[in-house]
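First the structure, in the form of structure tokens, and then the observations on it.
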Amino acid sequence: MADRSYRWLLIVLALIGLTLDQTTKYGVFRWLYRGGEFHDSTGTGNTSTIVPEWFELIAQFDRDTPTCDCAASGLQTWSAPVMPRVNHGALWGIGGSKKGSANLFFAGVSLVAAAAILIWGTRRGPSRERWLSAALGLILAGTLGNFYDRLVFGGVRDFLHVFHKDWDDWSWPVFNIADCCLVVGAGLLLVQAVFAPAPAPAATAEQTAAAPTPLGAKV
């Protein structure tokens, strides 16, 4: 019997995660643009409360950044006629102060990571591991989702905000679905690495030759 391959799981999760990430980003920013009337505390966007005092959707915009005079301009303005405010760095805003150089660096990292996942994750050995394939598929989805943003918008669109006003205005950095895919995928990868049983060693040619022939088997 041929070895079972989970390459399909890697690809399917990557496509689903990428589609969900881009659909939610475009949808939320389009919905919260609200004709250019901004009412959040910074005056740059709008919010929508999902769980009072805990969780909200937030979309902020940057009127001072022009859209590009290129083929991507339609992609930049589908949600709103002005550019979204983006995170030029990585998770938790790491490197965000450098803007252009940070975005270029992390875009390069994303491209290399996506290529490495596709090459390694579709090889015969790794593709036989179900949970490893699932983890790599989610990580690939998150990587491609934010890579798209970096190419089109010069940074990553974030809109999920967890906070609590009673905890000294505690606030988690704003994130997106691609970030969720990355974190869940990394968690699955860690669990798989720690708890997955070691593969059984392959039988050597000498062991195979010395094994008794089953009764009734054809030789």
Per the filter on the range 49-82, residues loosely packed, with under 14 Cβ neighbours inside 10 Å, outside any loop (DSSP other than H, G, I, E, B) and touching an Asp or Glu at 6+ places or on another chain (Cβ under 9 Å) are 49, 50
Checked against (1) in contact with a strand residue (DSSP E or B) (Cβ under 7 Å, 6 or more places away or on another chain); (2) surrounded by 12 or more Cβ atoms within 10 Å (Cβ to Cβ), residue 39 satisfies every condition except (2)
When every residue in the range 97-118 that is touching a Leu at 6+ places or on another chain (Cβ under 8 Å) and surrounded by 20 or more Cβ atoms within 10 Å (Cβ to Cβ) is compared, the one farthest from residue 186 (Cα to Cα) is 110
Per the list (1) at pLDDT 95 or above; (2) assigned to a loop (DSSP other than H, G, I, E, B); (3) of a type outside the set (Asp, Glu), residue check on residue 20 breaks on (2)
Among the residues of the range 184-193, are any within 23 Å of residue 29 (Cβ to Cβ) and either modelled with pLDDT under 85 or buried (at least 20 other Cβ atoms within 10 Å of the Cβ) (or both)? no
Residues in the range 86-93: is at least one modelled with pLDDT under 95 and at positive phi?
yes
Apart from one, (1) modelled with pLDDT of 55 or more; (2) in a loop (DSSP other than H, G, I, E, B) all hold for residue 216; the odd one out is (1)
So, first residue without any contact (Cβ under 8 Å) to a residue 12 or more places away in the chain in the range 54-74, second residue surrounded by 15 or more Cβ atoms within 10 Å (Cβ to Cβ), Cβ within less than 7 Å, six or more apart or across chains; the pairs are 68/76; 73/67
Checked the range 119-159 for anything of a type in the set (Val, Ile, Thr), assigned to a helix (DSSP H, G or I) and surrounded by fewer than 22 Cβ atoms within 10 Å (Cβ to Cβ); matches are 119, 152
Residue 46 meets each of (1) surrounded by 15 or more Cβ atoms within 10 Å (Cβ to Cβ); (2) at pLDDT below 95 with one exception, condition (2)
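The values are calculated or read from the model by the stated rules, or taken from the named source; none is laboratory data. Being a predicted model, the structure only gives us computed values, none of them experimental. For neighbour counting, all protein chains shown are included, and Cβ atoms are generated from backbone atoms with ideal geometry for every residue, glycine included.
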